[in-house]
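*Asks:* Take this structure first; my questions come after.
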Amino acid sequence: MKTEKSILFISVTFPPRLSVASLRLYNYARLFVKNGWNVTVLTSKQLGEITSSEFNFDGIEVIHVPWNDPFDKVQKIKNVFARKIAFKTLNIFVPYLATWLPDRRFKSWRINTLNAANKIINEKQIKYIYSSYSPPSPHLIARQLKRSLPHLFWISEYRDLWSHSHSNNLFRSLFAEFHFSFEKKVILPADLVLTVSEGHRQFLSTKILNKTHVLYNGCDFDSYSKIDSKREDNAFRILYTGNIYKKTYDVGLFFKSFKKFIENQEYNNSEIHFIGTPETEFLKALIQKNDLKEKVIFHKKKANTEIKVLQKSADVLLQFVWNNAKQTGNLTGKLFEYIAARKPILVVGEEKEVEKLISDSESGKMCSNEKSIISYLESIFKSNRASLKTIENRNSKISKENQFTLLESHILSEKK
């Protein structure tokens with residue numbers, strides 16, 4: 001179908017692959033379809049990826065571009081020790097997920113995707129392309145397309161910062177400005193730059209151009225309102241979903257506070273549930289140190305539909321923010337899921353943008369010390385674990401629907 005509103009997504013990750021990045025792009029792709037857009041996605045398949053059958057692809061043409069992944073041979077090594085050694089060795093020369101140039105792992109995917117994109121753009125008369133970082137390859141492809149087809153409107157998305165990423169080690173931090181000179185050459189031709197937070201927007205606006213806008217991961221309040229939150233057990237359940245970053249999250253503060261919280265016999269029937277969180281040696285050590293082995297439960301990665309049920313049925317949703325005051329705007333998609341679930345959120349750390357989001361939506365409390373964490377947990381327990389006030393998608397500026405409306409207005413107005 002040919003339409004003025006045709007868009008091509010370019011991303012190395014997209015459903016049925018199950019990941020945070022996949023969910024963000026999928027949710028917005030569905031909103032493009034809902035609002036009359038013709039959507040095509042060029043993406044990749046990766047050996048060993050976790051997939052889910054929960055996704056609806058009606059109106060979305062997903063094309064998995066064939067490529068030669070250097071890590072495929074490593075993944076097929078049966079001996080665990082040998083596979084780990086081979087992976088670490090290869091990762092020195094070909095990063096598994098490159099955040100800087102060159103992006104060697106996806107070289108063959110870039111070549112094949114560029115060819116496929118040119119064919120699709122011509123056949124479907126596509127006028128809009130949407131590339132998503134990381135890794136850099138989608139932006140590199142989009143830049144080449146924009147140079148050869150100047151009429152294209154290029155939307156460049158940053159799910160994370162690039163040269164100045166919060167994940168930089170000391171070496172990369174020292175050379176961030178040098179690398180940024182390459183990043184800027186890639187991004188400058190973009191017509192619209194999107195970030196996931198106001199903190200990242202402000203940073204990029206000072207370094208690129210004032211064509212940078214925020215597209216939050218957004219909340220889907222309506223989908224949570226249909227979920228039955230009843231549980232058979234009566235435990236006071238604190239739930240966390242996703243990865244733990246030991247260098248930037250103050251997990252030790254939370255465990256220490258929780259231990260003191262349950263010393264009161266009234267609160268002893270409390271549990272911490274980790275969903276899709278690797279049971280690392282770091283976490284095991286903290287759990288053992290605080291004598292919480294019987295109170296902490298790890299669950300394997302689950303479909304997003306299942307996670308929503310668990311979030312809705314929890315008594316407290318646990319969130320950590322970066323403990324580096326210089327790193328602002330690092331918002332996770334999980335935060336917006338939590339806000340949409342309408343269960344109290346305990347945020348451990350200090351981050352002004354996160355604090356404003358949960359304050360404006362009356363969703364929880366940010367705590368940075370032991371006393372405030374314990375006090376907040378006690379207040380939730382004593383309130384009979386009540387859900388928060390209902391919010392509908394149409395009434396919230398941070399709903400996915402209203403975020404998309406804002407995005408579409410930027411695209412169509414700037415295209416003119």
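*Asks:* What FRET efficiency do you get for Ser379 and Lys119 if R0 is 60 Å and r is their Cβ-Cβ distance, rounded to the nearest 0.05?
*Replies:* That gives a FRET efficiency of 0.55.
*Asks:* If contacts are Cα pairs under 8 angstrom and at least 6 residues apart, what is the relative contact order of the chain in percent?
*Replies:* Answer for the chain is 13 percent.
*Asks:* Which loop-located chymotrypsin sites (Phe, Trp or Tyr not before Pro) does the range 134-218 contain, where loop means any DSSP state but H, G, I, E or B and the Cβ has at most 14 other Cβ atoms within 10 Å?
*Replies:* Phe175
*Asks:* Where the centroid of each part is defined by its Cα atoms, how far is the range 363-408 from the range 1-66 in Å?
*Replies:* Each part reduced to its Cα centre gives a spacing of 29 Å.
*Asks:* To make sure I understand the rule: partners must be lysines, Cα under 25 Å from the Cα of Lys230, and not fewer than 8 residues away in the same chain. Which ones qualify?
*Replies:* Lys295, Lys300, Lys301, Lys302, Lys308, Lys312, Lys334, Lys343, Lys365, Lys382, Lys389
*Asks:* Quick check on the chain: helices-only [θ] at 222 nm, where DSSP H runs of length 4 and up contribute -39,500 (n - 2.57) each and the sum goes over total residues. Nearest 500, please.
*Replies:* Theoretical 222 nm ellipticity from helices: -12500 deg cm²/dmol.
*Asks:* In whole angstrom, and with the biggest value first, how far do the Cα coordinates of the range 132-277 range along each principal axis?
*Replies:* Cα spread of the range 132-277 along its principal axes, largest to smallest: 67, 42, 24 Å.
*Asks:* Still on this structure: Relative contact order for the range 225-295: what percent, with Cα pairs under 8 Å and sequence separation of 6 or more?
*Replies:* That works out to 43 percent.
*Asks:* What length, rounded to one decimal in nm, is gained on full extension from Ser372 through to Ile85, with 0.36 nm per residue of separation minus their alpha-carbon distance?
*Replies:* Taking Ser372 through Ile85 to full extension adds about 98.9 nm, to one decimal.
*Asks:* What are the ³J(HN,Hα) values, in whole Hz, obtained from phi via the Karplus relation 6.51 cos²θ - 1.76 cosθ + 1.60 with θ = phi - 60°, for each residue of the range 19-36 in sequence order, with x given for Gly and Pro?
*Replies:* Running phi through 6.51 cos²θ - 1.76 cosθ + 1.60 with θ = phi - 60° gives 7, 4, 5, 4, 5, 4, 5, 4, 4, 6, 4, 5, 6, 4, 4, 4, 9, x Hz.
*Asks:* Out of Arg24, Arg201, Arg147, any idea which swings most in a Gaussian network model of the chain, alpha carbons joined below 10 Å?
*Replies:* Arg147
*Asks:* Out of all Cα-Cα pairs in the range 221-393, roughly what percent, to the nearest whole number, are more than 30 Å apart?
*Replies:* Cα-Cα pairs in the range 221-393 separated by more than 30 Å: 10 percent.
*Asks:* Phe320's amide H: which non-local residues (gap 5+, or another chain) put their own amide H closer than 5 Å, with H modeled 1.01 Å from N in plane and none for Pro or chain starts?
*Replies:* It is Val348, by chain and number.
*Asks:* Just Ala235, Ala176, Ala86 to compare: in a GNM of the chain, with alpha carbon springs under 10 Å, which one fluctuates most?
*Replies:* For the chain, modelled as a Gaussian network with Cα springs under 10 Å, the answer is Ala86.
*Asks:* Rank the residues Glu54, Glu271 as a footprinting-exposure proxy: fewest other Cβ atoms within 10 Å of their Cβ go first.
*Replies:* Ranking Glu54, Glu271 by Cβ neighbours within 10 Å, fewest first, gives Glu54, Glu271.
*Asks:* Restricting to Cα pairs below 8 Å that are 6+ residues apart, what does the relative contact order work out to for the range 1-107? Please round to a whole percent.
*Replies:* Computed over the range 1-107, the figure is 22 percent.
*Asks:* Among the GluC sites (Glu not before Pro) within the range 279-342, which fall in a DSSP loop and have no more than 15 other Cβ atoms within 10 Å of their own Cβ?
*Replies:* When the GluC sites (Glu not before Pro) of the range 279-342 are filtered for loop state and at most 15 Cβ neighbours within 10 Å, Glu279, Glu294 remain.
*Asks:* Please report, for the Cα atoms of the range 104-217, the Rg to one decimal and the Dmax as a whole number; what are they, in angstrom?
*Replies:* Gyration radius and largest Cα-Cα distance of the range 104-217: 14.5, 47 Å.
*Asks:* Fewest Cβ neighbours within 10 Å first, please rank Ile345, Ile50, Ile398 accordingly.
*Replies:* Starting with the residue having the fewest Cβ neighbours, the order is Ile50, Ile398, Ile345.
*Asks:* Kindly state, as a whole number, the per residue volume in cubic angstrom of the convex hull around the alpha carbon atoms of the range 82-162.
*Replies:* Convex hull of Cα atoms, per residue: 102 Å³.
Bear in mind these aren't lab numbers, they're just calculated from the coordinates by the rules spelled out. Bear in mind the structure is a predicted one, so any value in this text is a computation, not a measurement. When we count neighbours, we look across all protein chains shown, and the Cβ atoms used for this are built from the backbone with ideal geometry, even at glycine.
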